[in-house]
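Enquirer: Got a structure for you, questions after.
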Amino acid sequence: MEKLKQIPEFMRFLVVGVIATAMHYGLYAILRWFMYVNMAYTIGYLVSFVANFYLSAYFTFRRKPSWGKAMGFGGAHLCNYLLHILLLNLFLYIGVPEAWAPIPVFGIAIPVNFLLVRFVFKKQ
């Protein structure tokens, strides 16, 4: 029964994830023309991080944001960011073009992020 309760929450997470990922990728796609790929990726990540926090709090998990949750969310996203950068550079290294390299990164890192962020917002 607990698994059934998680389905709407996961669907809301997907909506927020699509918004945050589109912001992240959009900024990356523009900024990579003007700066080093890792810097463009990082700036996109940071901007989407802020939007993601508020959308995750209010919409996905239906919790009020707090400094404690912000710190936990930040910690979860620090781990997630490191995974993103590691994977991005791995895909670039094996020859995936800069424009496409974030796509498999998102496919791997987003499910991991869901588990980390859910823990932050659901712990009592």
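Enquirer: How far is it, in nm, from the label point at K64 to the one at I19 when both lie 7 Å from their Cα along the line to the Cβ?
Expert: Once both label points are built, they end up 2.0 nm from each other.
Enquirer: Which ³J(HN,Hα) values in Hz, rounded to whole numbers, follow from the phi angles of the range 91-103 under the Karplus curve 6.51 cos²θ - 1.76 cosθ + 1.60, where θ = phi - 60° and Gly and Pro get x?
Expert: 5, 5, 4, 7, x, 5, x, 3, 5, 9, 4, x, 4
Enquirer: Rounded, prolate or oblate: which one fits the chain, using the alpha carbon gyration tensor with axes a ≥ b ≥ c (rounded when a/c is under 1.5, else prolate when a/b beats b/c, else oblate)?
Expert: prolate
Enquirer: Given a Förster radius of 35 Å and the C-beta distance between K5 and M39 as r, what FRET efficiency does 1/(1 + (r/R0)^6) yield to the nearest 0.05?
Expert: 0.30
Enquirer: State to the nearest 20 debye the size of the charge dipole of the chain about its Cα centre, where the only charges are +1 on K and R beta carbons and -1 on D and E beta carbons.
Expert: So the magnitude is around 620 debye.
Enquirer: Between Y54 and M71, what length in nm is gained on full extension when 0.36 nm per residue of separation is reduced by their alpha carbon distance?
Expert: Length gained between Y54 and M71: 4.8 nm.
Enquirer: Now, a different point. May I ask you to list the chymotrypsin sites (Phe, Trp or Tyr not before Pro) in the range 1-85 that are in a DSSP loop and have at most 12 other Cβ atoms within 10 Å of their Cβ?
Expert: Filter output for the range 1-85: W33, F34, Y36.
Just so you know, all these numbers are worked out from the coordinates, no wet-lab data involved. On a predicted model such as this, the values are computed, not experimentally measured, just so you know. Using ideal geometry, Cβ is built from the backbone for each residue, glycine included, and neighbour counts are taken over all protein chains shown.
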